[in-house]
Amino acid sequence: MRRQDGPLFSATTHHCAPFNLTGHPAISIPYGRVGENLPIGLQLVGAQLNERLLLQVAYAYESAYLNDFYMQRKQLALL
């Protein structure tokens with residue numbers, strides 16, 4: 001396997017590596033926008049071998065809080 005270097009690889013793996021090593025399921029979902037309308041994400045981590053609950057929580061959050069976010073994204077895609 002080729003070794004990855006650079007700030008982008010380091011920044012993205014920094015938050016994932018602990019959960020890869022321990023076997024905890026993790027998911028990243030959109031959280032919204034900040035500052036100059038920049039998108040940010042939310043990483044959720046579940047108990048080992050409990051992917052189902054983690055996916056249910058992510059779905060519930062997206063359903064409750066991100067309808068406007070997805071509608072704006074859909075409208076931009078139609079332009």
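Some observations on this one:
- Check on A11, part of a helix (DSSP H, G or I) and modelled with pLDDT under 90: yes
- Number of positions in the stretch 33-56 that are under 24 Å from Q72 (Cα atoms) and surrounded by 14 or more Cβ atoms within 10 Å (Cβ to Cβ): 3
- The one condition in (1) modelled with pLDDT of 80 or more; (2) outside any loop (DSSP other than H, G, I, E, B); (3) not β-branched (V, I, T) that E36 fails to fulfil: (2)
- Filtered by the rule that a residue be at pLDDT below 90 and of a type in the set (V, I, T), the stretch 40-79 gives a lone residue, I40.
The values are calculated or read from the model by the stated rules, or taken from the named source; none is laboratory data. Keep in mind it's a predicted model, so treat the numbers as computed, not measured. Please note: Cβ atoms are built from the backbone with ideal geometry, for glycine as well, and neighbour counts cover all protein chains shown.
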